[in-house]
Amino acid sequence: MLKVDHLAKTYGEGDDAVRAIGDLEFEVGENEFVCIVGPSGCGKTTLLKCMSGLLAPTRGEIRLHDRRIDGPPERMALVFQEYGRSLYPWMSVRQNVAFPLRRKRLGREIAAELVERAVESVDLTGFLDRYPWELSGGMQQRVAIARALAYQPEILLMDEPFASVDAQTRADLEDLILEVRRQYGVTVVFVTHDIDESVYLGDRIVVLTPAPTQVQETLDVDLPAVRDQLETKEDPEFARLRAHVYRSIKRKQTAAEPERAPEEQPATARS
Amino acid sequence: MTARRERWLGAGLEVTVPILVLVIWGLWSAGSETYYFPPLTDILSTFADTWVFERVGSDVVPSLVRMGLGFGIAVVVAIATGLLLGMSPRARRSAAPIVEFLRAIPPPALLPFAILVIGVGNSMKVFIIAFVCIWPILLNTVDGVTGVDPTLRETTRVYGITGPDRLWRVMLPAASPQIFAGMRTSLSLALILMVISEMVASTNGIGYFVLQSQRTFAIPEMWSGILLLGILGYTLNGAFMLIERRVLRWHRGARASALS
């Protein structure tokens with residue numbers, strides 16, 4: 001459904017150029033929950049911005065249903081990490097969720113129903129007429145998720161959405177996103193730097209290398225479809241996958257550093 | 001508890017200090033024989049004779065109409081232009097030198113030109129007031145629009161919000177705290193320019209009245225006009241702040257929650 005094809009992104013030009021993404025290639029299938037995990041600063045956000053059409057790639061392309069993405073696609077939604085800055089503070093929860101629907105021209109009743117259903121699915125029905133800044137961080141992120149759901153995307157991109165909430169809220173939000181994903185049957189691409197989170201949520205994990213980013217490896221998560229914070233995390237398979245991903249990221253990181261050393265040593269020996 | 005007492009004390013001071021000042025002024029000027037500083041009681045009784053409500057129709061209303069029109073035109077023109085310039089870096093760069101130049105002209109210097117071209121009527125005064133009020137609002141609008149949070153912009157783009165919805169429902173509200181700050185500055189400028197424009201080639205208005213009283217040595221009248229202008233400025237600013245509090249309620253709320 002979504003195909004990342006030899007994607008490369010370089011910021012700047014000439015000597016100052018920073019190669020954020022080297023050469024990326026992977027696919028996301030229909031209804032799949034794909035977690036993208038990698039070391040910090042590995043261009044995960046750059047990748048998401050290219051996917052959402054906010055940023056043009058330097059080379060390669062991303063295709064959604066075989067159509068090249070060159071601007072934000074109509075049936076794609078994006079949830080940012082900074083919930084506080086992605087909600088409109090002058091709009092109530094209801095208005096925030098309803099606002100992107102305006103251009104869909106659905107008719108008032110249908111739009112209101114979508115909004116109410118989405119807000120209900122994130123358990124915020126009692127807060128429809130509150131303002132985002134009256135809510136806690138976790139609730140604000142739920143508003144952002146409701147807004148994405150009401151938009152009826154076929155693919156939902158999430159950029160480290162739970163990185164700035166506390167641990168308990170985070171666990172609740174993880175379960176919430178699995179639940180709404182089932183309800184709405186939406187494809188999810190979830191970027192995170194948290195290995196546990198990627199194993200807990202994903203059907204498949206794409207491990208990235210440090211910048212210039214490439215795919216280190218892709219692995220299927222062979223855990224029961226219904227996840228549970230306690231049971232799933234006690235599953236030996238969970239521990240195995242977690243350790244595997246951890247080593248995969250560490251290996252590349254440590255491999256990247258001493259690589260240069262042998263080349264330099266003879267030079268210093270000669271002088 | 002102390003916070004509440006502090007607030008009551010503050011409110012009390014706000015009321016009692018001005019009264020105290022008036023009382024001192026009254027006592028000090030009570031037996032005044034000085035021609036230029038007549039007793040406060042004289043000024044107040046003249047004030048009552050003049051402004052309640054004899055000259056309201058002939059002077060106060062024309063003044064307020066000029067000021068309101070000038071300020072209103074400035075708000076509309078400045079916000080529209082500011083949104084445009086704020087959204088287009090190219091337009092902003094081309095307009096910057098012109099804006100900076102026009103803004104730097106001391107407004108009263110435009111009076112001779114305005115009288116020459118527009119004449120001495122109301123339009124000239126409205127033009128001068130509008131011309132001066134535009135700049136603070138324009139520059140603040142541009143600042144507000146360019147300062148819209150990048151995440152908020154990206155959210156707007158991802159959801160395909162473009163055109164009028166983006167302009168009126170995202171950019172304008174996002175810039176409104178700055179726009180209001182500009183409008184507040186312009187409001188006091190409007191009052192100043194209203195008085196100045198009425199002191200030159202005018203036949204009515206509060207500014208005209210003050211100057212005319214001075215020229216005919218009607219000193220209590222002159223003082224009563226100055227007093228009225230002060231009261232007017234104070235009231236307008238207070239009313240403006242009330243509106244601002246209402247419209248920007250979300251802004252104060254969001255800021256308070258971001259700080260906590």
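The values are calculated or read from the model by the stated rules, or taken from the named source; none is laboratory data. It should be emphasised that the depicted structure is a prediction, and the values quoted were computed from it without experimental measurement. Quick reminder, even Gly has a Cβ in these numbers, built from the backbone with ideal geometry, and neighbours come from all protein chains shown.
What do you reckon, is B:G207 touching a residue at least 12 places away in the same chain (Cβ under 8 Å), assigned to a helix (DSSP H, G or I) and under 20 Å from the mean Cα position of the chain (by Cα)? Answer is yes for this residue.
From the list B:V23, B:V60, the one residue that fits, being modelled with pLDDT of 90 or more, hydrophobic (A, V, I, L, M, F, W, C), surrounded by 15 or more Cβ atoms within 10 Å (Cβ to Cβ) and assigned to a helix (DSSP H, G or I), is B:V60.
Per the listing A:E61, A:E25, the residue uniquely touching a residue at least 60 places away in the same chain (Cβ under 8 Å), more than 14 Å from the chain's Cα centre (by Cα), in a strand (DSSP E or B) and more than 13 Å from chain B (Cβ to nearest Cβ) is A:E25. Within segment A:28-57, the set of residues being more than 14 Å from chain B (Cβ to nearest Cβ) and of a type in the set (S, T, Y) comprises just one member, A:S40.
Within segment B:99-124, being of a type outside the set (A, V, I, L, M, F, W, C) and closer than 18 Å to B:I137 by Cα holds for B:E100, B:R103, B:P106, B:P107. When you check A:R85 against the structure, is it within 7 Å of another protein chain (Cβ to nearest Cβ), under 19 Å from the mean Cα position of the chain (by Cα) and either under 25 Å from A:P132 (Cα atoms) or modelled with pLDDT of 90 or more (or both), yes or no? The answer is yes for A:R85. Does segment B:130-174 hold any residues that are in contact (Cβ under 8 Å) with a residue 12 or more places away in the chain, at the interface with chain A (Cβ under 7 Å from one of its Cβ atoms) and among the charged types (D, E, K, R), and which are they? Matches in segment B:130-174: B:D149 only. Considering segment A:64-78, and only residues there that are assigned to a loop (DSSP other than H, G, I, E, B) and closer than 16 Å to A:E30 by Cβ, the residue that is farthest from the other protein chains (Cβ to nearest Cβ) turns out to be A:D66. Considering segment B:9-23, the residues that are under 26 Å from the mean Cα position of the chain (by Cα) and of a type in the set (A, V, I, L, M, F, W, C) include one that is nearest to B:L227 (Cα to Cα), namely B:L22.
Quick grid of which residues meet (1) small (G, A, S); (2) closer than 25 Å to B:L139 by Cα; (3) surrounded by 11 or more Cβ atoms within 10 Å (Cβ to Cβ):
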site: B:L13; (1), (2), (3): no, no, yes
site: B:V17; (1), (2), (3): no, no, no
site: B:S32; (1), (2), (3): yes, no, yes
site: B:D49; (1), (2), (3): no, no, yes
site: B:E54; (1), (2), (3): no, no, yes
site: B:G72; (1), (2), (3): yes, yes, yes
site: B:P97; (1), (2), (3): no, yes, no
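Do the conditions hold for B:V76, that is, is it within 22 Å of the chain's Cα centre (by Cα) and not assigned by TED's automatic domain parsing to the domain that holds B:W25? Yes. Of B:I137, B:I161, B:I179, B:I128, which residue is on the phi < 0 side of the Ramachandran plot, aliphatic (A, V, I, L, M), part of a helix (DSSP H, G or I) and at pLDDT below 95? Unique residue meeting the criteria: B:I128. Of the candidates A:L176, A:L157, the single residue that is assigned to a strand (DSSP E or B) and either buried (at least 20 other Cβ atoms within 10 Å of the Cβ) or of a type in the set (A, V, I, L, M, F, W, C) (or both) is A:L157.
Tell me whether segment A:103-120 contains one or more residues that are charged (D, E, K, R), assigned to a helix (DSSP H, G or I) and under 24 Å from B:S257 (Cβ atoms). Looking through segment A:103-120, none of the residues is charged (D, E, K, R), assigned to a helix (DSSP H, G or I) and under 24 Å from B:S257 (Cβ atoms).
Matching residues to (1) away from chain B (no Cβ under 13 Å); (2) surrounded by fewer than 19 Cβ atoms within 10 Å (Cβ to Cβ); (3) free of Cβ contacts under 8 Å to residues at least 24 places away in the same chain:
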{"site": "A:A98", "(1), (2), (3)": "no, no, no"}
{"site": "A:I110", "(1), (2), (3)": "yes, yes, yes"}
{"site": "A:E116", "(1), (2), (3)": "yes, yes, yes"}
{"site": "A:L124", "(1), (2), (3)": "yes, no, no"}
{"site": "A:Y131", "(1), (2), (3)": "no, no, no"}
{"site": "A:E134", "(1), (2), (3)": "no, yes, yes"}
{"site": "A:G137", "(1), (2), (3)": "no, yes, no"}
{"site": "A:R142", "(1), (2), (3)": "yes, no, no"}
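Determine whether segment B:185-202 contains at least one residue that is under 21 Å from the mean Cα position of the chain (by Cα), within 14 Å of chain A (Cβ to nearest Cβ) and at pLDDT 95 or above. No: zero hits.
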